[in-house]
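These notes concern the structure reproduced below.
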Amino acid sequence: MERCNVERASRVAAVLLIVAALFAATGAQSAGRLAADPETRRQALVAYREGQDALARERWVEAETAFKKAVGLEPLLMLAHYGLGQAYMGQRRYPSAVRAYEACLEAARGLHQLGFSDRAAADRQIDEEMRELRESIRRIQGGQVKTGGPQMVLRLEQRLVDLERMRSSAAGPFRPPAEVLLALGSAHFRNGNLTDAEARWTEAVAVSPALGEAHNNLAVIYLMTGRVDEAEAALALAERHGFPVNPGLEADVRKAKGGRP
């Protein structure tokens, strides 16, 4: 009887392995079908740049239109999904921003899956997005874009880190981009959903512990929910990683502690 149970368990395990392999292959094939051909992707990048220019001028509706066109042409273009989220945030359409950032995470997952079926194609797409980010950084630092400043550059650099991490860990398990999780948490927060905001920011610092802004935002959540010691610790981490913490927030934490050690 014991031998039969062992054999049965072995057969079940073998079937599960086959099913898991089929699911992985199906995911990679689906990502491959989603990936646009080179000319369509070129058109998507043109639309993405138009959206970025509109964002820089705070023309939110124009940006929304351009980014929608870009993601319609190339569903795996992460930067366009992210830009669409920014356009919605500018219009205070927070539920729409949540959906856009979630779509950005799915695009990241799709790129990861594409790597299993066509590593070269996935790397090309990641490299293209990295070039776009570097160009945006160059334009801000060169004064061609007047909005954003140093904090915007830090955000763009974090997105570069995210893409570099995706490229280098292609064969491993999927890890969501920390900057997208940060933005998604902010959309939830603006929409009044503190629980989901905290969850996304916690995920962000798990992926990228040096993401000071996420630690700062968690401090706000902790303070709002009466976890003063956690708020103080989160602020210390934010400052350690170079985020300019608002002195008013630090004062609020000290006041909430009320002289406690």
Residues that are under 27 Å from residue 199 (Cα atoms) and either modelled with pLDDT under 95 or over 19 Å from the mean Cα position of the chain (by Cα) (or both): which helices (runs of 4 or more DSSP H) entirely in the range 15-102 hold 2 or more of them? 78-90
Are there helices (runs of 4 or more DSSP H) fully within the range 194-261 with at least 1 residues that are closer than 18 Å to residue 183 by Cβ and in contact (Cβ under 8 Å) with a residue 24 or more places away in the chain? List them. 194-207, 212-224, 228-240
Limited to the range 214-230, what total is found for residues that are surrounded by 21 or more Cβ atoms within 10 Å (Cβ to Cβ) and of a type in the set (S, T, N, Q)? 2
For the range 88-139, enumerate the residues that are among the β-branched types (Val, Ile, Thr) and farther than 19 Å from residue 158 by Cα. 98
Condition broken by residue 167, with the remaining ones in (1) modelled with pLDDT under 95; (2) farther than 21 Å from residue 38 by Cα satisfied: (2)
Can you find, within the range 172-190, the residue that is nearest to residue 114 (Cα to Cα) among those that are touching a residue at least 40 places away in the same chain (Cβ under 8 Å) and assigned to a loop (DSSP other than H, G, I, E, B)? 174
Being within 17 Å of residue 178 (Cβ to Cβ) and touching a residue at least 40 places away in the same chain (Cβ under 8 Å) is true for just one of 101, 94. Which residue is that? 101
Could you list, in sequence order, all residues of the range 72-91 that are closer than 19 Å to residue 184 by Cα and out of contact with any Phe, Trp or Tyr (no Cβ under 9 Å at 6 or more places or on another chain)? 75, 76, 78
For the range 114-129: of the residues being closer than 15 Å to residue 79 by Cα and exposed (fewer than 15 other Cβ atoms within 10 Å of the Cβ), which is farthest from the chain's Cα centre (by Cα)? 124
Taking the stated definitions as given, is residue 128 out of contact with any Gly (no Cβ under 6 Å at 6 or more places or on another chain), within 30 Å of residue 194 (Cα to Cα) and not aromatic (Phe, Trp, Tyr)? no
Going by what's in this entry, would residue 211 be described as crowded, with 23+ Cβ neighbours inside 10 Å and either at pLDDT below 95 or touching a Leu at 6+ places or on another chain (Cβ under 9 Å) (or both)? yes
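The values are calculated or read from the model by the stated rules, or taken from the named source; none is laboratory data. All values reported here derive from a predicted model rather than from experimental measurement. Here the Cβ is made from the backbone with ideal geometry for all residues, glycine too, and neighbour counts use every protein chain on show.
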